1. Output the residues belonging to region B:1-45 that are at pLDDT 90 or above, among the aliphatic types (A, V, I, L, M) and buried (at least 19 other Cβ atoms within 10 Å of the Cβ).
2. Please go through region A:1-57 and give me each residue that is among the charged types (D, E, K, R) and either more than 11 Å from chain B (Cβ to nearest Cβ) or over 21 Å from B:Ser86 (Cα atoms) (or both), ordered by number.
3. Got at least one residue in region B:7-14 being assigned to a strand (DSSP E or B), of a type in the set (D, E, K, R), farther than 26 Å from A:Pro110 by Cβ and more than 14 Å from chain A (Cβ to nearest Cβ)?
4. Taking B:Arg41 as the residue in question, decide whether it is among the basic types (Lys, Arg) and out of contact with any strand residue (DSSP E or B) (no Cβ under 8 Å at 6 or more places or on another chain).
5. Only residues that are surrounded by fewer than 21 Cβ atoms within 10 Å (Cβ to Cβ), at the interface with chain A (Cβ under 9 Å from one of its Cβ atoms), in contact (Cβ under 8 Å) with a residue 12 or more places away in the chain and among the β-branched types (Val, Ile, Thr): list them for region B:63-111, please.
6. So for region A:96-106 (the condition being within 12 Å of chain B (Cβ to nearest Cβ) and modelled with pLDDT of 95 or more), does at least one residue qualify?
7. Quick test for you: out of B:Leu43, B:Leu48, pick the one residue that is within 11 Å of chain A (Cβ to nearest Cβ), within 23 Å of A:Phe108 (Cβ to Cβ) and free of Cβ contacts under 8 Å to residues at least 24 places away in the same chain.
Amino acid sequence: GAGVSQSPRYKVAKRGQDVALRCDPISGHVSLFWYQQALGQGPEFLTYFQNEAQLDKSGLPSDRFFAERPEGSVSTLKIQRTQQEDSAVYLCASSLTLWTGAYNEQFFGPGTRLTVL
Amino acid sequence: SQQGEEDPQALSIQEGENATMNCSYKTSINNLQWYRQNSGRGLVHLILIRSNEREKHSGRLRVTLDTSKKSSSLLITASRAADTASYFCATDPGDTDKLIFGTGTRLQVFP
């Protein structure tokens, strides 16, 4: 079966442009996560959805970052008025979420590498 | 900010040698996981150890957890060139499902 897919794989944007990054989770996975990974660093949590509900957006660095998952499947991370410090790899992960408190393995996509010039 | 710090930041060894990576974290956890990331690729889950466990094995991997010291180690035995990658520890604080990653160790295994 297909894993988590992300598109585009690479995106170059001029400073000030808006970008939209797409994540297709594994079919049937309830939970979806976005992480930001700067060069040479570990991933940092951005936001989390359970179905279409955004339950945690505490990691979004500014109000220029917006994420949605309107039908509880595909998710889009939008960055408005991109800045150079937004350059990073954006990783999406999904998990089945059988029940709260149980371990739910997160499956990661390949990421979108965003470069802001 | 990141939860964990890993050391060493980089490690170079010959094939056949063992590689040990250490992770320290800051808050209480539900479990701790180790991930591998090959250059330009996503993260692959390797092994999970729960907060009430002290040691776990999976193939050539051995993980230990010391919750009193808030630290974990990953041992890869009989390393192979294909083990070359970055390795990250990640903690699950238990209040949400999000993972908090360490800074990573870059492992290079020379044939």
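The values are calculated or read from the model by the stated rules, or taken from the named source; none is laboratory data. The structure presented is a predicted model; accordingly, all values stated were derived computationally and were not measured. Note: ideal-geometry Cβ built from the backbone for every residue, glycine included; neighbour counts use all protein chains shown.
1. Answer for region B:1-45, where residues must be at pLDDT 90 or above, among the aliphatic types (A, V, I, L, M) and buried (at least 19 other Cβ atoms within 10 Å of the Cβ): B:Ala19, B:Met21, B:Leu32, B:Leu43.
2. Within region A:1-57, A:Lys11, A:Lys14, A:Arg15, A:Asp18, A:Arg22, A:Asp24, A:Glu52, A:Asp56, A:Lys57 qualify.
3. no
4. Yes: the conditions hold for B:Arg41.
5. Listed by number, the list holds a single entry, B:Thr103.
6. No, region A:96-106 contains no residue that is within 12 Å of chain B (Cβ to nearest Cβ) and modelled with pLDDT of 95 or more.
7. B:Leu48
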